[in-house]
There are 6 protein chains.
Amino acid sequence: MGERETNYLSAEAEAALKCVSTATLTSQLLKRGFRNTFLGGLMPVRPELRMVGYAFTMRYIPMREDLDLVPEDNFTNLQRVAVESVGPKDVLVIDARGDLDAGTLGNILATRMQVRGAAGIVSDGGMRDAFEFADIELATYIGGVHAGRRGTRHHPADLNVPIGCAGVLVMPGDVMVGDPDGVVAIPRHVAEEVAHDALEQELLEAYLLKLIQGGSSIHGVYPPDEATLNAYRQAARNVSSS
Amino acid sequence: MGERETNYLSAEAEAALKCVSTATLTSQLLKRGFRNTFLGGLMPVRPELRMVGYAFTMRYIPMREDLDLVPEDNFTNLQRVAVESVGPKDVLVIDARGDLDAGTLGNILATRMQVRGAAGIVSDGGMRDAFEFADIELATYIGGVHAGRRGTRHHPADLNVPIGCAGVLVMPGDVMVGDPDGVVAIPRHVAEEVAHDALEQELLEAYLLKLIQGGSSIHGVYPPDEATLNAYRQAARNVSSS
Amino acid sequence: MGERETNYLSAEAEAALKCVSTATLTSQLLKRGFRNTFLGGLMPVRPELRMVGYAFTMRYIPMREDLDLVPEDNFTNLQRVAVESVGPKDVLVIDARGDLDAGTLGNILATRMQVRGAAGIVSDGGMRDAFEFADIELATYIGGVHAGRRGTRHHPADLNVPIGCAGVLVMPGDVMVGDPDGVVAIPRHVAEEVAHDALEQELLEAYLLKLIQGGSSIHGVYPPDEATLNAYRQAARNVSSS
Amino acid sequence: MGERETNYLSAEAEAALKCVSTATLTSQLLKRGFRNTFLGGLMPVRPELRMVGYAFTMRYIPMREDLDLVPEDNFTNLQRVAVESVGPKDVLVIDARGDLDAGTLGNILATRMQVRGAAGIVSDGGMRDAFEFADIELATYIGGVHAGRRGTRHHPADLNVPIGCAGVLVMPGDVMVGDPDGVVAIPRHVAEEVAHDALEQELLEAYLLKLIQGGSSIHGVYPPDEATLNAYRQAARNVSSS
Amino acid sequence: MGERETNYLSAEAEAALKCVSTATLTSQLLKRGFRNTFLGGLMPVRPELRMVGYAFTMRYIPMREDLDLVPEDNFTNLQRVAVESVGPKDVLVIDARGDLDAGTLGNILATRMQVRGAAGIVSDGGMRDAFEFADIELATYIGGVHAGRRGTRHHPADLNVPIGCAGVLVMPGDVMVGDPDGVVAIPRHVAEEVAHDALEQELLEAYLLKLIQGGSSIHGVYPPDEATLNAYRQAARNVSSS
Amino acid sequence: MGERETNYLSAEAEAALKCVSTATLTSQLLKRGFRNTFLGGLMPVRPELRMVGYAFTMRYIPMREDLDLVPEDNFTNLQRVAVESVGPKDVLVIDARGDLDAGTLGNILATRMQVRGAAGIVSDGGMRDAFEFADIELATYIGGVHAGRRGTRHHPADLNVPIGCAGVLVMPGDVMVGDPDGVVAIPRHVAEEVAHDALEQELLEAYLLKLIQGGSSIHGVYPPDEATLNAYRQAARNVSSS
């Protein structure tokens, strides 16, 4: 099991990440050279909840009968250890190899994580009892729905090691942000500035969107030319000074 | 066409299956050695309806122009024969090889099945007029939505033979149970006891979930140790005697 | 960039296409020998909106770093040119090779298209900001949701050339019709008569559905025999003369 | 188990099918309206052997533990029954749903079929002991190689019923022809004339290919115009009269 | 149809490309920022032939019955136009959307291209008569083997426009290089220097490989440190001065 | 990086595994309850070489630009560390998530492993320079061929931890056996007896195959009844006493 010491973002950065979209975040990450940061193909079980937290990773590999079709021991089964280890602001991120032919977690364990204050669950495998997650206040993103037990397909092999989830590298402690479109993994060392710049980008885009809605063409507006930027800065200054 | 003589479950078992989840049922089946009983990747058209019924199977194979791009005769086309054969408690289960490039049934035939009292439709292929199923009181689970006619992809080859549907073996007469997560096929010869034990499992799990929601860790609770089980039995006794 | 001169349907045909289903349209097209006209696997972002319009096609090919990871110029980037070219009744149809690993368009450009009066968007790739489309009054059908930028996967290569979208050939000017099931592409030269016959088919089927709902078997009704057809014509005549 | 009474082709037709290519046969079938007759994605284990025979079909469905992880009884297990039923000119065609995660047959049973005079094996699933087929004089086409036992994935459900194999409808008794490219299924009722016309087409094409090799453009040659056809007929006449 | 004016590489560059591997070329392209230049998943029909040429592109889209199930006219059917247009050093590159359910070309047309002096064929679709390509002296790379006619799946829509082939952007005139591993597309404007540097890299690697074969560890050797590089330069100088 | 202490099999067991087939081994493993031990979909680069060795595992996850598009350091890059760590009887088993869009190793590193005495390479990803492996005396099994560099898709994350490869759980030290069909992973703790029993099974099957080749039906022979077994034992005794 890997070591993990979470290094929290500033309160301002966490607040910014709660309101920007994953689309904006991928744009900011692309500016820094990261092309592949959106976990593709996941669906939100509770799309009305936003998620911001720090990756607590769990790695599944294919099951083997002598390891996984046996009674589960909460002290040695790493899935169970994980559930009793996640704490506030943690997002449990499960690498299930995109295998949708079994569940990777169920509603009782998820409830325990909610009680422990977890910030979310992300799995590129299936989820059992998915419809019962309506009663759990926990942002959850899954590859699909499957009622089968984990042990028929998956063996929990590791906690808090770097993993791939939905095609994206996730390090323990990476910042995981979710909105109704899905989930983005932000490398920890760029997260503070990405959060800041993403918020700035969204404020500008909100202004540009209003121009477009008002009938402007995209020329000079999207992307904005100097005149549009100046008008925006002027408008922003007026707001902040009012 | 295969022979089929449905052997109904007890009323108690049918009632139990109406309220337990498919996740619970796969757990019970796994205990009996059946690993692969959940029909993966299907979606409910009417998730608010629960389904319990007996499999009436229909097998599709790839179309051939001289058989399937011709006018349909209700007396020889096996799809039509099936629709006029299903009766109360029957679930029409269609093996469409997971091919989503055409519909496998439409709203008029589904309406006829509803009038005949059918308990549901399960298809691992596409469904035409899917949005019109909102008006049909029939639990329906499909692989996807496709407006194309069956004949462009599928030839109905058999009724009431063993089939594979969504990767699971389904015998005519198997017990088909659906909830918002999807569908499980219970081999007929174990269905009575599975229904009974599934209900017991869910009652216990409801109790355990309350403990978890109240702040218990999973240790000693999930799975429950002897003390937890005794407390549960005591609580259950009090209820039944009140 | 291809030439394109839209040849509009009659007002009657456009009206008919607004109320018939894509399932009915595929049946009418199959009668004329066209088997493959439904764009499979797309999902409506705004299922409550019906779409009728004329294809304005855009072709994407795989990205290349020197072309697509550079600032976008609204005058040379064909995606941007497209957005400022679509007009009323146009449906932007994007051939993204079914690649769901990036977005193909976002909410600001879509808003601009709405302001320009476009009739819809169809893409077999991903869509950014998909949840923000709830605020855009534009029928939109997509292959999936992905927050990543277009440039990480796609290069816009052509406008208004024949394309494949979701497995179907689409010519510029083809009639694109969408309902909650998805999208059908009607070759322009048969669209007028398809629209007419589809409406007739639906009127008849509404009558047949009522018979089925009232307890009729499908024999003699679906497909209808001469007696049923006569009864229908009589009923229809009474309505029109009343 | 279905009934099956093989209706052999003429000796001339069988001889013709032994020397024409599957590409030519799909062209002849397309002329008669059959678009989908080539079993895609199969590979020949013994590409140097040509195959002509009559389909003896076997249908596999997903395994179930109580049926398939038990000792095999040669009298009830349909796979074993099939092996002891095929006779001269029979091609065993296995519908394994394209599932490559187990073998569908092994070298001992294949050897028995060779001794019984079978004409070939076609499976859209995996094959065990594939490399040992080098010692078996039997044209064999498979979806892939897999050393796992059939019972871990497949249950033999039926013999001599219509099946789908590699996406193509195959009726018992259909004419199965294989060359190094793969396998084509010819509907029995058109096979005699298809065989005849395919041979004619190939003779003509051999002539055209010589012209192309000699430097002719394809204009007037491929497809041939009347002058080319006359030259061909003249050349062919000279041969037969010499 | 796009315009195309081939701008040939120097004789030295062409010669270099004939002997370096596609693996070396992708390394050189990656150094220049191009990550995605190898056409994945293709197989060589004639692995013993090396290919160097200039892309002549052809774009296929899904077929439509009124366009593609009609007799082929060599003057209007773009596939036929292409065959009679390719000349020496041309490589016909076909974008078939990775669809393997039909052939994209057959042996007679390929023979014509050979006679015209073409340098190769690359298709991400299927190939008819694949086994007959053994008789055609033409480097050919295909997605798979399929005996079915092009018209059942594909419509030739364009010549010499930018395309995607096997997931890679290919411009008309791009340099296509093939070895037994497959095909790489080199953007024309970097091809001269890539060819030069690739040859240098291979000469160095041949030296390093000998060291490794002789028992050196990779430390200091792969990648080479300054001492190893000096030794290599010395060895190379001795050779050239001898 | 995980710990790894290889516990070698007896010389008899290693010898047995060198001559039995992977098909026989999966049968023996299935008898012990292990259903999923064959690494599906791999192809041998050198099918004429048999492989027996002990798993040295390497885990790849998706690349990230700041980690993988940088110069490789032989002391920190785990792929390089692995190459300089494998020793005699080691099989390097790479978990590349089945991603075929880049190479996972090339010929120079493979050559170094050969010099170090490695027993083989197994990767469920692509292989660069695959055709150059003809010159390396090393049993190698790969998911496919791809000339692209590892860093464009993969980050080496771990050595000698449990992994999944081609859908099968592989523990460090598991016994990896390869034949022309592919590779089987034998859990270390059952490998000694599996090797023994597999050899016995093959000797018996060789006898049975001779009976089948001589014209016996499978009844009483495959599976063998008591009479056949007695005859076999008698024959075997004669051989050993001669």
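The values are calculated or read from the model by the stated rules, or taken from the named source; none is laboratory data. Here the structure is a predicted model, which is why all the values come from computation and not from measurement. Note that we place each Cβ from the backbone using ideal geometry, even for glycine, and neighbour counts take in every protein chain shown.
Determine which member of the set E:PHE56, E:PHE34 is part of a loop (DSSP other than H, G, I, E, B), closer than 30 Å to E:ASP197 by Cβ and in contact (Cβ under 8 Å) with a residue 12 or more places away in the chain.
E:PHE34
Among the numbered conditions (1) within 14 Å of chain F (Cβ to nearest Cβ); (2) out of contact with any Ser or Thr (no Cβ under 9 Å at 6 or more places or on another chain); (3) not charged (D, E, K, R), tell me where D:GLY164 comes up short.
That leaves (1) as the condition not met.
Condition first: surrounded by 24 or more Cβ atoms within 10 Å (Cβ to Cβ), out of contact with any Asp or Glu (no Cβ under 9 Å at 6 or more places or on another chain) and within 14 Å of chain A (Cβ to nearest Cβ). Can you find one or more residues in region F:25-34 that meet it?
yes
Being modelled with pLDDT under 95, among the small types (Gly, Ala, Ser) and over 23 Å from A:ALA15 (Cβ atoms): is that true of A:ALA134 here?
Considered against the rule, which asks whether it is modelled with pLDDT under 95, among the small types (Gly, Ala, Ser) and over 23 Å from A:ALA15 (Cβ atoms), A:ALA134 comes out as yes.
Pairs needed: first member in region D:137-162, under 18 Å from D:PHE56 (Cβ atoms); second member anywhere, aromatic (Phe, Trp, Tyr); C-beta distance under 6 Å; at least 6 residues apart or different chains.
D:THR140/D:PHE133; D:HIS154/D:TYR60; D:PRO156/D:TYR60
How many residues, within region D:86-102, are within 11 Å of another protein chain (Cβ to nearest Cβ), over 26 Å from B:LEU29 (Cα atoms) and out of contact with any Ser or Thr (no Cβ under 8 Å at 6 or more places or on another chain)?
Total meeting the criteria: 1.
Considering (1) in contact with a strand residue (DSSP E or B) (Cβ under 8 Å, 6 or more places away or on another chain); (2) crowded, with 21+ Cβ neighbours inside 10 Å, say which one F:THR6 fails and leave the rest.
The failed condition is (2).
Could you say whether any residue in region B:221-238 is crowded, with 22+ Cβ neighbours inside 10 Å and either more than 30 Å from the chain's Cα centre (by Cα) or of a type in the set (Gly, Ala, Ser) (or both)?
The answer is no, given that none of the residues of region B:221-238 is crowded, with 22+ Cβ neighbours inside 10 Å and either more than 30 Å from the chain's Cα centre (by Cα) or of a type in the set (Gly, Ala, Ser) (or both).
Filter region B:3-31 down to the residues that are within 16 Å of the chain's Cα centre (by Cα), aliphatic (A, V, I, L, M) and in a helix (DSSP H, G or I) and list them by number.
B:ALA13, B:ALA15, B:ALA16, B:LEU17, B:ALA23, B:LEU25, B:LEU29
Can you confirm whether A:ASP135 is more than 24 Å from F:GLY164 (Cβ to Cβ) and surrounded by fewer than 22 Cβ atoms within 10 Å (Cβ to Cβ)?
yes
Here's a check for you: in region E:55-74, which residue that is away from chain C (no Cβ under 14 Å) and under 23 Å from E:PRO88 (Cβ atoms) is modelled with the lowest pLDDT?
Just the residues of region E:55-74 that are away from chain C (no Cβ under 14 Å), to begin with: E:56, E:71-74.
Next, only the ones that are under 23 Å from E:PRO88 (Cβ atoms) stay: E:56, E:74.
Numbers: E:PHE56: 98, E:ASN74: 94.
Per the criteria, the residue is E:ASN74.
May I ask you to verify whether D:THR111 is more than 9 Å from chain B (Cβ to nearest Cβ) and not in a loop (DSSP other than H, G, I, E, B)?
Yes, satisfied.
Among the listed residues C:PHE56, C:PHE34, C:PHE38, which satisfies the condition of being of a type in the set (A, V, I, L, M, F, W, C), over 20 Å from C:ALA96 (Cβ atoms) and in the same structural domain as C:GLY144 (by TED's automatic domain parsing)?
Checking each option against the conditions leaves just C:PHE34.
Would you be able to tell me the number of residues in region B:123-146 that are of a type in the set (D, E, K, R) and at the interface with chain C (Cβ under 9 Å from one of its Cβ atoms)?
So the answer is 3.
Report, by residue number, each residue of region A:60-83 that is surrounded by fewer than 20 Cβ atoms within 10 Å (Cβ to Cβ) and closer than 20 Å to A:MET171 by Cα.
Passing the criteria: A:LEU78, A:VAL81.
Can you name the number of the only condition in (1) buried (at least 18 other Cβ atoms within 10 Å of the Cβ); (2) facing another protein chain (nearest Cβ under 9 Å) that B:ALA119 fails?
It is condition (2) that B:ALA119 fails.
Which condition number in (1) within 14 Å of chain A (Cβ to nearest Cβ); (2) under 18 Å from the mean Cα position of the chain (by Cα) is the one that F:VAL52 fails?
(1)
Looking for whichever is surrounded by fewer than 24 Cβ atoms within 10 Å (Cβ to Cβ), at pLDDT 95 or above, of a type in the set (A, V, I, L, M, F, W, C) and not in a helix (DSSP H, G or I) here; the options are A:LEU92, A:LEU100. Which one fits? Before you say what the answer is, go through the steps one by one.
Details: A:LEU92 fails: surrounded by fewer than 24 Cβ atoms within 10 Å (Cβ to Cβ).
Result of the check over A:LEU92, A:LEU100: A:LEU100.
Of the conditions (1) part of a strand (DSSP E or B); (2) not assigned by TED's automatic domain parsing to the domain that holds E:ASP90, E:TYR232 clears all except one; give me its number.
Evaluating E:TYR232 over (1) part of a strand (DSSP E or B); (2) not assigned by TED's automatic domain parsing to the domain that holds E:ASP90 leaves (1) as the failure.
Suppose the filter is out of contact with any Phe, Trp or Tyr (no Cβ under 6 Å at 6 or more places or on another chain), modelled with pLDDT of 95 or more and small (Gly, Ala, Ser); does C:ALA119 pass it?
Yes; evaluated as a whole, the condition is true for this residue.
Conditions (1) surrounded by fewer than 18 Cβ atoms within 10 Å (Cβ to Cβ); (2) more than 10 Å from every other protein chain (Cβ to nearest Cβ); (3) farther than 21 Å from C:TYR8 by Cα; (4) touching a Lys or Arg at 6+ places or on another chain (Cβ under 6 Å), marked per residue:
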residue	(1), (2), (3), (4)
C:VAL183	no, no, no, no
C:VAL194	no, yes, no, no
C:ASP197	no, yes, no, no
C:LEU209	no, no, yes, no
C:GLN213	yes, no, yes, no
C:SER216	yes, no, yes, no
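Name, by its number, the condition in (1) out of contact with any His (no Cβ under 8 Å at 6 or more places or on another chain); (2) within 14 Å of chain F (Cβ to nearest Cβ); (3) not β-branched (Val, Ile, Thr) that does not hold for E:ALA82.
If we test E:ALA82 against (1) out of contact with any His (no Cβ under 8 Å at 6 or more places or on another chain); (2) within 14 Å of chain F (Cβ to nearest Cβ); (3) not β-branched (Val, Ile, Thr), just (2) comes out false.
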